[in-house]
Amino acid sequence: MIAGRVEDHAQTRACAEKISIILPILSGMDAWLTHLINWLSLPEVGLSTLFVISFLAATWLPAGSEAALVGVVSLTPDLFWTALVIATVGNTLGGMVSWALGAGLHRLASDGHPASPPKGRGVAWGLRQLHRIGPKACLLAWAPIVGDVVCTLAGWLRMPAATCAFYMAVGKFLRYWLLLAGVELWLSY
């Protein structure tokens with residue numbers, strides 16, 4: 001019984017030592033992240049912020065870029081087309097990160113042998129769409145969750161990167177354009 005308490009005490013001390021190492025790192029990251037967010041909030045970097053947010057929103061990170069696009073266009077309406085193109089390019093490049101992730105996972109899983117695709121209901125749906133209509137399924141890259149799955153599986157299936165990027169860009173551009181047109185219409189009433 002005493003041996004168990006001594007062992008528990010040793011484990012607690014080891015855990016405390018690890019935490020004492022991690023806390024300053026996390027504190028530094030928090031300060032860095034706060035500084036980064038403050039810098040990205042400056043009006044002078046609005047378009048670059050829009051690009052970064054659009055890029056990150058198209059990866060597997062849970063984020064959205066619509067509010068940033070509407071914000072930039074609302075504050076500076078003369079940047080309508082510029083902001084639309086920048087958001088589309090950033091979002092498309094983010095989708096291509098998911099495509100590259102799928103291609104890389106396929107390469108790792110296959111290791112020179114035929115690789116079976118990942119399992120899951122959403123994955124099965126995405127594979128059916130890609131097998132049925134090919135890279136055109138990447139038109140759905142803008143859709144939450146579904147878009148990430150389609151982009152990643154297109155890479156897994158090693159569909160042509162340029163063709164997938166083209167369809168991603170078309171779908172994302174149309175989504176952003178419809179969003180801005182809807183906001184414009186809503187604001188005019």
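The values are calculated or read from the model by the stated rules, or taken from the named source; none is laboratory data. Owing to the predicted nature of the structure, the values given are computational and were not obtained by experimental measurement. Note that each Cβ is placed from the backbone with ideal geometry, even for glycine, and that neighbours are counted across all protein chains shown. These area figures cover heavy atoms from the full protein model, side chains too; ligands, DNA and RNA do not enter into them. Shrake-Rupley method; radii C 1.70, N 1.55, O 1.52, S 1.80 Å.
Laid out as a table, the results:
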read-out: Residue pairs meeting the criteria (Cβ under 8 Å; at least 6 apart or on separate chains; first farther than 15 Å from W142 by Cβ, in segment 66-90; second not in a helix (DSSP H, G or I)); value: A83/T76
read-out: Residue that is nearest to the chain's Cα centre (by Cα) [pool: residues in segment 136-171 that are open to solvent by less than 30 Å² (accessible area, probe 1.4 Å) and over 15 Å from V97 (Cα atoms)]; value: A143
read-out: G147 being farther than 22 Å from G64 by Cβ and either in contact with a helix residue (DSSP H, G or I) (Cβ under 8 Å, 6 or more places away or on another chain) or part of a helix (DSSP H, G or I) (or both); value: no
read-out: Residue identified as open to solvent by less than 30 Å² (accessible area, probe 1.4 Å), among the small types (G, A, S) and out of contact with any Lys or Arg (no Cβ under 7 Å at 6 or more places or on another chain) among S116, S98, S74; value: S98
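Residues checked against (1) under 13 Å from Y176 (Cα atoms); (2) of a type in the set (A, V, I, L, M); (3) touching a Pro at 6+ places or on another chain (Cβ under 8 Å); (4) modelled with pLDDT of 85 or more:
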site	(1), (2), (3), (4)
V45	no, yes, no, no
L69	yes, yes, no, yes
A83	yes, yes, no, yes
A87	yes, yes, no, yes
G94	no, no, no, yes
V97	no, yes, no, yes
P114	no, no, no, no
L127	no, yes, yes, yes
P135	no, no, yes, yes
